[in-house]
1. Once you keep just the Cα pairs under 8 angstrom separated by 6 or more residues, what percentage relative contact order results for the stretch 561-675?
2. With all pairs of different alpha carbon atoms counted, what Kirkwood hydrodynamic radius in Å does the stretch 249-340 show?
3. Å³ per residue of the Cα convex hull, for the stretch 561-675?
4. Set the bar at 21 Å for Cα to Cα. Now go through K493/K525; K230/K281; K260/K292; K310/K493; K260/K331; K369/K525 and name every pair that lies beyond it.
5. Which of the aspartates and glutamates could a cross-linker bridge to K671, judged by Cα under 17 Å and excluding same-chain residues fewer than eight apart?
6. What order do you get for K294, K657 when you list them from fewest to most C-beta neighbours inside 10 Å?
7. K170: which aspartates and glutamates have alpha carbons under 16 Å from its alpha carbon, excluding same-chain residues fewer than 8 sequence positions away?
8. What is the fewest-to-most order of C512, C183, C458 by other Cβ atoms lying within 10 Å of their Cβ?
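Every number here is computed from the coordinates shown, using simple stated rules; none is lab data. Small disclaimer: the values here were computed from a predicted structure and weren't measured. Reconstructed Cβ throughout: ideal geometry from the backbone, glycine too, with neighbour counts over all protein chains shown.
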Amino acid sequence: MWRPGNWSSSSSPLPPRSISPPPQNNNLTPQQLRNYGANPLNRRPGARPVLSHHSSMMSLATPNASTTSLPQQIKNQQNMGYRKAVSSMPPPGVRDPMLVLEAILGAPVSRGEERRDMDAKLPELKDAEGIEFDGLSLEEFVRKAEAEEKKKPKVRKYSEQSVEEYEMEKDKFQDLHRSIKACDEVLKSVESYLSAFQTDLGTVSGEIESLQNRSMSLNRQLDNRKAVEKLLGPVVDDVVLPPNDVRRLIEGDVNDTWVKALHDTDRRIKAIEGKDPSKVKSVQEVQPELEKIKHKTVERVRDFFVSRIKALRVPGANSQLIQQQGFIRYKELFHFMAIHHPQLAEELAQAYTNTMRWYYSTHFQRYHKAFERLKLHVMDRNDVLGQEENARKGGSIIPGLKSAAAPAYDPFNIGRRIEILRNTTAPIMAAYQAEEDKITHYMEYHFRHFNAALVENCATEYTFISDFFSHKKYDQMNHIFNQIFEPSFNLGKAFTKTLVDNTYDSLGILLCVRLNQYALFEMQKRRIPAAEGYLNGTNMLLWPRFQVVMDAHCESLRRNNNNTRMLSAMTGPAAKQSAAPHFLTQRFASLLHGLLSLSAEAGDDEPVQRSLARLRSDFEAFLTKLSSGIGDTRKRERFLFNNYSLILTIIGDTDGKLAMEQKNHFEALKKAFQE
């Protein structure tokens, strides 16, 4: 058996042992201590064996140890004292226990006086040779000793030192006791709080469960209401009238918002009228209120349009601006009235018709009076083709009287008069401009401005009627248009008749015909058929007068065939020596040039072709009759050749089918008399 403080003699390195407290040998009886036998170590007689603090009773409980080896180990250590064994250096290959302890503690351990003091304090152990194991192994012996130790009553022993330490630390223990009691009180308070919280939490849990059940119930009710709303929503929306819309219709100003409210109300009225009152009870309740709202709305619409119609009668009012801002913008209001109160809508339409009839009639009468003040080139019977020069100049047959000045116009030359056809975008003369104009104009100037103004106003008004009265039929809209413009059309026809009745300006009449045809084409292009009646009536005034003037030209040429004074001029001494063209040839060629220029796009069914054929035939007859007075055949043929050459030269720049026919005809005549 190893003794305390002894190192193993084995050469193999052993692992460092942990430091354990000294074993308590209080449980050993004096008889057991005497059984240890003689102590081989040097010790004082009667002293207890001293154990090193490096050893432990646990070292005795080495596994696989036996009692047979103990005597031999004791013999090997007889000559080694306890102090020497404690203070001796470890054998080679074994680490110093102090170093091992420092490595474990992580701090240096003193080896001087403290070690000696600790050695002095170590208890001395008696010799353990007399211990009997009764055939037990060391491990079993230790377990048996521990079991017996547990059975003994534990008696706590207090040393004098521990009492002193307690007295010194008494205040701390009292503070600790008070802190523990305070902690107990706090813990009791916390326990009460936690108990109350647990109770409240249970209550809240119950309320949450109740709320959850109520939420589920509300969700079911919401789903049911949504399903009902999906079915009843459109019906309710159609039946219910928003209070704001009702208040706006009754009290608000008529504007775009008012029109929107009326549109929504009209939609609901139509929806309610389409439902069966016997099936939907709310319809019976709403219908009386709807009738009141409907009557009030119709009344306000009536007042609104009456105020706009009155605005048209204000002097200087711009009808087009009022129509766009006051009528077209709010045409839905009139349609609402036409649906819910047709009689009142017809009365308003008739009031508008009468107002615009007065408006256009008044303005065109003023316009007509302004054109009456314009100076006009008047062409009478003296401006026909076969008239002699003296008569046209106003010469007197009474000797001694001075002849009047020659007229400042040429009735047979088209000149720049054709520009009025080419410049179709020229502005229309206003009434105040006509009143201040001092220039003398041809008849087509008056005709163009008056009729262009009339046609433009017709187009504007018809477009307005088609838009504002779109709920009416085509015949009804034409009736309104004709009622409005009937006085103006009559005034226009009278103005045209005044211009052409006494004139012999064939070029001017044909220019008016072309202007009228252009206006008719524009009306067809704009799809405004209502003005075609007026334009066709104007054509019926122009074409007959054109035929009359052309017949007058032909008649004047036929009269010259029997004019002895004109025929005798060709047989005079001066005429016999000259083959120059006759002055009537110059007139005829200029007139023919003007008529062909105005007929470049004429159709075969127009009276121009037949009139030109008669005029040409009469002129050729006159020229043949005139040349018959020349006795020399060669000179006569040269005379005819020069006249036909002049005609071809003047009409050479004309275009069109009719012009080609005339040029071919006179080219053939020219070749016939060419030398």
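1. Details: 104 pairs, mean separation 44.6, N = 115.
With pairs under 8 Å counted, the relative contact order is 39 percent.
2. Working: mean 1/r = 0.0682 Å⁻¹.
14.7 Å is the Kirkwood radius here.
3. Working: hull volume 10.6 nm³, N = 115.
About 92 Å³ per residue, rounded to a whole number.
4. Details: K493/K525 23 Å; K230/K281 19 Å; K260/K292 19 Å; K310/K493 29 Å; K260/K331 12 Å; K369/K525 31 Å.
Flagged as over cut-off: K493/K525; K310/K493; K369/K525.
5. By straight Cα distance, K671 reaches E620, E637, E661.
6. Details: K294 17, K657 13.
Neighbour counts put them in this order, fewest first: K657, K294.
7. Output for K170: E160.
8. Working: C512 28, C183 11, C458 25.
Listing C512, C183, C458 from fewest to most nearby Cβ atoms yields C183, C458, C512.
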